[in-house]
């Protein structure tokens, strides 16, 4: 397709910009459709499509508050299990995986299925967010568009980034934040060729959303400011509290998934259990149902009591974990903001009561807490800071926000070492930091790549003979065997490099005297994941393979080169198979 436009006289940046504009329009209307579906389902379950869920629930019977998410779960479970199995997950991790491992290719059915399932989840009271699924929807639409135009992998990834940025921008009415979220989380690429089309998509999607939904911010935010430079330590403390809360949130969320997986009933029935538990929680704490924008706005306007906000921190963690762990569909972006608002609001009340003259009100801490929690949990400090900047339009609170966000992010990186997105991927066997899919590594057994051609040396060989052998060989490490041919050690240039021999001793000292006796080995039943870990941990490039029932019987060797080649081949075969 790019070649076609080049023949018309258009260069590559211009062509990508045109495509980005189209994606912005399509995703903008997709986000509007998504919000409309949420309102429709919420009207079906609650009798109103308004976002003030707490007021709506106050007018409903107690039994319906319990039954509502149960019915939602009874619909969502079979819907996802039988019709849209690819729509499971939070939304954003799937986009990250598609970009990093699959060249940006995504399935339209999965994107549409996630939109429907998430709309049902939120409409029936699920304690989840809509931003993750709208990112997934935008990325899916962009991927399908780019695939139809037969774009290269590099350009297709850019288009997926455009779709993700457009989704965030249309959802939050925050085009700058949409751009940075796509660059920081989805693509991890800040190049000009990537930046320009993503900006266009984000801006166009924002314009579309404003035309149909109005130019209103996602939250009602008064103009808060940093009262004094002496207030910075208090915001450092808020960052620490947000980081700790974020760690607890992620651990409980993933533990909930594990516990629901142990329940011995069909997977598609588990959302019914989650819905029942959520309904029981909502009887006392209706604030945790739905996206929770109304509750966050109350905290920002300082209209909530401190004890209630403190309680809602733990209730929200449990409610969101039960919702997602049981099989409802939705994102964790908005729950992170909710937690940050409650942490910041309750923390701010304490800080303001202790230092009223040099600290802002609880609302300022609520705002900063939202940014700090989202930054640390999502692993997106730049995007989170910019979202809050666009919501306030005021630079004066940004200093506090930046300090808290970075402190919280550093703390989570130090303790947990994953964001909620990379943590979800790691649980699926995908490690984006290594660029390899662990699930695929586990499928490739060592027996399929064993090299039967390897050099051994007898343990009674002298050092002088070994030096000659080393000089004439292509290998730099040798397997040492005894008289029976059994493995007794390994020896390499490193074993003799630091050893000084007096004249004549090289003919007396034997290889077995300097060989490494504790040999790291593999068996044919091991897989590539195990092999890569052993090589990385021991700083070696090849390992001997021994019989499973006899660790001294050498069957062959595997090298790092052979392992990488086998992985790339398996990845290519999967990506080019008809099923993909």
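The values are calculated or read from the model by the stated rules, or taken from the named source; none is laboratory data. What you are looking at is a predicted structure, and each value in this text was computed from that prediction instead of being measured. Note that each Cβ is placed from the backbone with ideal geometry, even for glycine, and that neighbours are counted across all protein chains shown.
Of all residues in the stretch 550-561, count the ones that are under 13 Å from residue 454 (Cβ atoms) and in a helix (DSSP H, G or I).
Qualifying residue count, the stretch 550-561: 0.
Which members of the stretch 156-183 meet the condition of being over 16 Å from residue 24 (Cβ atoms) and modelled with pLDDT under 85?
Those that are over 16 Å from residue 24 (Cβ atoms) and modelled with pLDDT under 85: none in the stretch 156-183.
Only one of (1) within 30 Å of residue 573 (Cα to Cα); (2) assigned to a loop (DSSP other than H, G, I, E, B) fails for residue 147. Which number is that?
Exception for residue 147: condition (2).
Would you check if there is a residue in the stretch 291-303 being within 23 Å of residue 76 (Cα to Cα) and touching a helix residue (DSSP H, G or I) at 6+ places or on another chain (Cβ under 7 Å)?
Yes, the stretch 291-303 contains at least one residue that is within 23 Å of residue 76 (Cα to Cα) and touching a helix residue (DSSP H, G or I) at 6+ places or on another chain (Cβ under 7 Å).
Checking residue 144 against (1) surrounded by fewer than 24 Cβ atoms within 10 Å (Cβ to Cβ); (2) touching a helix residue (DSSP H, G or I) at 6+ places or on another chain (Cβ under 6 Å); (3) farther than 30 Å from residue 72 by Cβ, which single condition isn't satisfied?
In the conditions (1) surrounded by fewer than 24 Cβ atoms within 10 Å (Cβ to Cβ); (2) touching a helix residue (DSSP H, G or I) at 6+ places or on another chain (Cβ under 6 Å); (3) farther than 30 Å from residue 72 by Cβ, residue 144 misses (3) alone.
Check the stretch 356-363 and report whether any residue there is outside any loop (DSSP other than H, G, I, E, B) and surrounded by 19 or more Cβ atoms within 10 Å (Cβ to Cβ).
yes
Can you pull out the residues in the stretch 224-250 that are more than 30 Å from the chain's Cα centre (by Cα) and within 30 Å of residue 320 (Cα to Cα)?
Correct list: 224 only.
Is it fair to say residue 261 is part of a helix (DSSP H, G or I), at negative phi and free of Cβ contacts under 8 Å to residues at least 24 places away in the same chain?
On the way: part of a helix (DSSP H, G or I): yes; at negative phi: yes; free of Cβ contacts under 8 Å to residues at least 24 places away in the same chain: yes.
Criteria met by residue 261.
All but one of (1) more than 23 Å from residue 151 (Cα to Cα); (2) part of a helix (DSSP H, G or I) hold for residue 89, so report the exception by its number.
Every listed condition holds for residue 89 apart from (2).
Inside the stretch 1-30, can you point out the residues that are part of a helix (DSSP H, G or I), more than 18 Å from residue 195 (Cα to Cα) and modelled with pLDDT under 90?
Those that are part of a helix (DSSP H, G or I), more than 18 Å from residue 195 (Cα to Cα) and modelled with pLDDT under 90: 2, 3, 4, 5, 6, 7.
Has the stretch 93-110 got at least one residue that is in contact with a strand residue (DSSP E or B) (Cβ under 7 Å, 6 or more places away or on another chain) and either at negative phi or surrounded by fewer than 16 Cβ atoms within 10 Å (Cβ to Cβ) (or both)? Break it down into steps so the answer makes sense when it comes.
Quick first cut of the stretch 93-110, residues in contact with a strand residue (DSSP E or B) (Cβ under 7 Å, 6 or more places away or on another chain) only: 97, 101.
Then keep just the ones that are either at negative phi or surrounded by fewer than 16 Cβ atoms within 10 Å (Cβ to Cβ) (or both); that gives 97, 101.
There is at least one residue in the stretch 93-110 that is in contact with a strand residue (DSSP E or B) (Cβ under 7 Å, 6 or more places away or on another chain) and either at negative phi or surrounded by fewer than 16 Cβ atoms within 10 Å (Cβ to Cβ) (or both).
Residues checked against (1) surrounded by fewer than 21 Cβ atoms within 10 Å (Cβ to Cβ); (2) in contact with a strand residue (DSSP E or B) (Cβ under 9 Å, 6 or more places away or on another chain):
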| residue | (1), (2) |
| --- | --- |
| 268 | yes, no |
| 282 | no, no |
| 292 | no, yes |
| 301 | yes, no |
| 306 | yes, no |
| 328 | no, no |
